[in-house]
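The block underneath contains the structure these notes are about, expressed in structure tokens.
A short reminder: the numbers here are calculations on the coordinates, not readings from a lab. Predicted model only: the values in this text are computed from it and were never measured. FYI the Cβ positions are ideal-geometry reconstructions off the backbone, even for glycines, and counts take in every protein chain you see.
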Amino acid sequence: MDISQVAKKTGVAASTLRYYEKQGLIRSLGRQGARRVFAPSVLQQLALISLGQAAGLSLDEIRQMFTPGGALQMDRDLLRRKAEEIDGLIQQLTAMSRGLRHAADCPAPTHTECPSFQKLLTQAASGALPKRTAPLEPVRTVGRRREATR
């Protein structure tokens with residue numbers, strides 16, 4: 001199937017497909033005229049790339065999961081480490097969410113009088129809370145892709 005068919009079926013832009021090919025994530029079979037042609041198996045490879053990115057894997061980490069022939073060869077230790085990282089982040093975000101909900105619903109006359117809110121402030125001051133290097137961006141779905149809005 002040619003590059004436009006792959007783009008249409010997956011929602012991945014042709015420019016992204018060319019980039020993935022340049023980075024060694026996917027391979028074309030050649031060209032049909034001016035268009036790249038891909039094997040049907042590229043659809044599964046693109047789904048795996050999307051899944052890996054959603055899990056927070058870098059393109060380099062994802063590339064290492066494919067053999068030179070394009071077959072899947074997962075690094076189970078990497079997957080375990082990434083899962084542990086995600087679990088830790090979930091715990092941190094859950095604690096933060098609970099703290100914010102408590103602060104929003106707290107029956108204390110002011111937040112300065114709330115022991116739970118004071119505990120949250122103490123944790124923030126000690127550096128115990130995760131720091132975000134970039135603000136959270138709203139996400140919108142385009143076709144099958146998720147894109148950050150700007």
Self-check item: Options P109, M96, L79, ranked by Cα towards positive dipole end of segment 76-130, top entry (Cβ charges)
Solution: L79
Quiz item: Local charge sum around P40 (other residues, Cβ-Cβ under 15 Å, Lys/Arg +1, Asp/Glu -1)?
Solution: +3
Quiz prompt | Under-5 Å amide H pairs with F66, H placed in peptide plane, nonlocal only | solution = Q73
Practice problem: State the extension gain, in nm to one decimal, for the chain segment bounded by R81 and S15, taking 0.36 nm per residue of separation less the distance between their alpha-carbons. | Solution: 20.6 nm
Quiz item: Which ³J(HN,Hα) values, rounded to whole Hz and listed in residue order, are derived for segment 71-80 from phi using the Karplus coefficients 6.51, -1.76 and 1.60 in 6.51 cos²θ - 1.76 cosθ + 1.60 with θ = phi - 60°, glycine and proline given as x?
Solution: 6, 7, 9, 6, 8, 5, 5, 4, 5, 5
Quiz item: Across segment 94-107, in residue order, what do the Karplus-derived ³J(HN,Hα) couplings come to in whole Hz, using 6.51 cos²θ - 1.76 cosθ + 1.60 with θ = phi - 60° and x for Gly and Pro?
Solution: 5, 4, 5, 4, 4, x, 5, 5, 4, 4, 5, 9, 4, x
Practice problem: Count the net charge of all other residues whose Cβ sits under 15 Å from the Cβ of L29, scoring Lys and Arg as +1 and Asp and Glu as -1. | Solution: +3
Practice problem: Count the net charge of all other residues whose Cβ sits under 14 Å from the Cβ of R81, scoring Lys and Arg as +1 and Asp and Glu as -1. | Solution: -3
Exercise. Go through segment 29-34 residue by residue and turn each phi into a ³J(HN,Hα) via Karplus (6.51, -1.76, 1.60, θ = phi - 60°); whole Hz please, and just put x for glycine and proline.
Key: 7, x, 10, 10, x, 8
